[in-house]
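To start, the structure under review is shown below, and the notes come after it.
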Amino acid sequence: MNPAMDAAELERVRAPLDRAWTLPPRAYTDPAVFAAEKVRVFQGGWVCVARTDQLARDGDYRCVDLLDQPIVVVRGRDGMIRALSRVCLHRAMPVAQGAGNASRFVCPYHHWTYELDGRLRSAPMMRGVADFDPARCRLPELRVAIWQGFVLVNADRQAPPPAAALAGLDPYLANYRLDELVTVDTQTFDSPWNWKILVENFMEAYHHIGTHRHTLEPLYPARESYVVDNHGAPWALLRMPGRPGDDHAGALPPFPGLTDAQRRELIAGCVFPSLLFAATGSTVVWYQLEPTAHDRMQLQIHLLVRPEVAAALDGAARALLRQTVRAVHLEDIAANEGPWRGLHAPLTGQGRLSLYEKAIWQLNRCWAEALAD
Ligand code: FES
Ligand SMILES: [Fe+2]
């Protein structure tokens, strides 16, 4: 077992659902566990860093911090999306910041210049330096896989591509045609608590009867929710049927190709460890998590719609959508902050899971697997 984790506690996490317990408090509050997660969960896992529509044109780029590794995700002149270390090969300055469109990356420190595929194009005033050939220098590259329009990266060169592991999830998503959607809004939240608290909150509808009693519960009753079997694969899918007769697609036209039930349904998906998305009949939100420590992450909530809907959205409609997403998250913030405090209390231990929290159990098993020796 990992030295930071207790074998008996992990056994309770991995028990069958009706006997399972939550992760022990230390899994959230101990910096040593986060240090182990960096290596065992994140470095070998597929982490979502962008949507393809955010990198639509050649030269479009976005900077992301993959834990300690600053990267830039960029579409090259050849149309390929790559994930490169954005740490300069000279003296480690970041060569790009934020997001935008570039023809090449110029390090602001001494103007070493990199092509969009990471090759070093020029390095001024380096004549006379022995055994230095710019043509042989290149920013290190991470592996990239595109799944459902999400750009996933993996720091482990040996990791198998994610498509096979996620194949069981694809049929549930096919009608939504997620790969065609475009991003119309992003909201950023500094979130000073452990990242897993947010993932767990996202992946159960049990809390609709408490946290979202007046907002989501009337639309998507907790008692109707269920989680599909993942057969041990690294994903979870929570389904929250809407009330028959209600049309929750709202003011926007529903996604073409959905069944009547899907138009009324809310679904929430997780690709282990940290890709979270949820779909109504007409909108999708994608939660982009960037954990920075055991006690903090940066959260971006992106809103996605069909391209033709995006083209027709006026300012008022956009603001209303933004407000709706925000209102639900503000309710969830309380459901993140409370447990974060509670998990630090000396008398707090593992808790029992409801059968409605099956997705948490599935993801906890992936986590325990990754953390076990
Ligand atoms: S650190 Fe980038 S050019 Fe010197
Ligand atoms: Fe919630």
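The values are calculated or read from the model by the stated rules, or taken from the named source; none is laboratory data. All of these numbers come straight from a predicted model, not from anything done at the bench. Note that we place each Cβ from the backbone using ideal geometry, even for glycine, and neighbour counts take in every protein chain shown. All accessible areas refer to the heavy atoms of the entire protein, side chains included, with ligands and DNA or RNA removed. Shrake-Rupley method; radii C 1.70, N 1.55, O 1.52, S 1.80 Å.
Can you confirm whether the range 133-142 contains a residue that is within 16 Å of ligand 2 (Cβ to nearest atom) and buried (at least 21 other Cβ atoms within 10 Å of the Cβ)? Quick ask: steps written out before the conclusion?
Initial filter on the range 133-142 (within 16 Å of ligand 2 (Cβ to nearest atom)): none.
No, every residue in the range 133-142 fails to be within 16 Å of ligand 2 (Cβ to nearest atom) and buried (at least 21 other Cβ atoms within 10 Å of the Cβ).
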Open item on the list: Test of understanding: among L152, L173, L116, L142, which residue is farther than 18 Å from C48 by Cα and either assigned to a loop (DSSP other than H, G, I, E, B) or of a type outside the set (G, A, S) (or both)?
Closed with: L116
Task: Exclusive hit being in a helix (DSSP H, G or I) and open to solvent by less than 10 Å² (accessible area, probe 1.4 Å), set L198, L237 - done: L198
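Looking at the range 150-184, which of its residues are among the charged types (D, E, K, R) and more than 16 Å from the chain's Cα centre (by Cα)?
Initial filter on the range 150-184 (among the charged types (D, E, K, R)): 156-157, 170, 177, 179-180.
Across the range 150-184, the qualifying residues are D156, R157, D170, R177, E180.
Please pick out the residue among G269, G232 that is small (G, A, S) and surrounded by fewer than 21 Cβ atoms within 10 Å (Cβ to Cβ). Give the steps one after another, and end with the answer.
Values: G269 fails: surrounded by fewer than 21 Cβ atoms within 10 Å (Cβ to Cβ).
Going through G269, G232 in turn, the sole match is G232.
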TODO: Would you confirm whether any residue within the range 315-337 is surrounded by 14 or more Cβ atoms within 10 Å (Cβ to Cβ) and in a loop (DSSP other than H, G, I, E, B)?
DONE: no
TODO: Evaluate the following for L10: is it within 19 Å of K358 (Cα to Cα) and modelled with pLDDT under 95?
DONE: yes
- [ ] Hey, can you tell me all the residues within the range 1-37 that are closer than 23 Å to R157 by Cα and open to solvent by 50 Å² or more (accessible area, probe 1.4 Å)?
- [x] A35
Open item on the list: Return the pair list, or none, for Cβ contacts closer than 9 Å from residues in the range 221-243 that are within 21 Å of A164 (Cβ to Cβ) to residues that are polar (S, T, N, Q) and in a loop (DSSP other than H, G, I, E, B), at least 6 apart or on different chains.
Closed with: A236/N230; L237/N230
Task: Looking only at the range 207-217, and only at residues there that are more than 10 Å from ligand 2 (Cβ to nearest atom) and not aliphatic (A, V, I, L, M), the one that is farthest from P25 (Cα to Cα) - done: H214
TODO: Could you list all residues from the range 77-104 that are touching a residue at least 40 places away in the same chain (Cβ under 8 Å) and either near ligand 1 (Cβ under 8 Å from one of its atoms) or surrounded by 14 or more Cβ atoms within 10 Å (Cβ to Cβ) (or both)?
DONE: I81, R82, A83, L84, S85, R86, V87, L89, V95, A99, A102
Open item on the list: Looking at the range 325-337, I want the residues that are closer than 22 Å to V305 by Cβ and among the charged types (D, E, K, R) and have a partner that is near ligand 2 (Cβ under 9 Å from one of its atoms) and in a helix (DSSP H, G or I) with Cβ atoms under 7 Å, at least 6 apart or on another chain. Which pairs are those?
Closed with: D332/N201
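Can you tell me which of G45, G98, G79, G59 is at positive phi and within 20 Å of the chain's Cα centre (by Cα)? Step through it out loud before you land on a result.
On the way: G45 fails: at positive phi; G79 fails: within 20 Å of the chain's Cα centre (by Cα); G59 fails: within 20 Å of the chain's Cα centre (by Cα).
Exactly one of G45, G98, G79, G59 is at positive phi and within 20 Å of the chain's Cα centre (by Cα), namely G98.
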Open item on the list: Restricting to the range 201-229, and then to whatever is aliphatic (A, V, I, L, M) and open to solvent by 40 Å² or more (accessible area, probe 1.4 Å), can you tell me which residue is nearest to L169 (Cα to Cα)?
Closed with: L219
Task: Extreme residue, farthest from ligand 2 (Cβ to nearest atom), among residues of the range 80-132 that are over 16 Å from D60 (Cα atoms) and touching a helix residue (DSSP H, G or I) at 6+ places or on another chain (Cβ under 9 Å) - done: M126
- [ ] Report the residue count in the range 61-113 for those that are more than 17 Å from E141 (Cα to Cα), assigned to a strand (DSSP E or B) and out of contact with any Cys (no Cβ under 8 Å at 6 or more places or on another chain).
- [x] 3
- [ ] Within the range 276-309, track down each residue that is assigned to a loop (DSSP other than H, G, I, E, B) and either closer than 20 Å to R263 by Cα or open to solvent by less than 10 Å² (accessible area, probe 1.4 Å) (or both).
- [x] T280, G281, S282, T283, R306
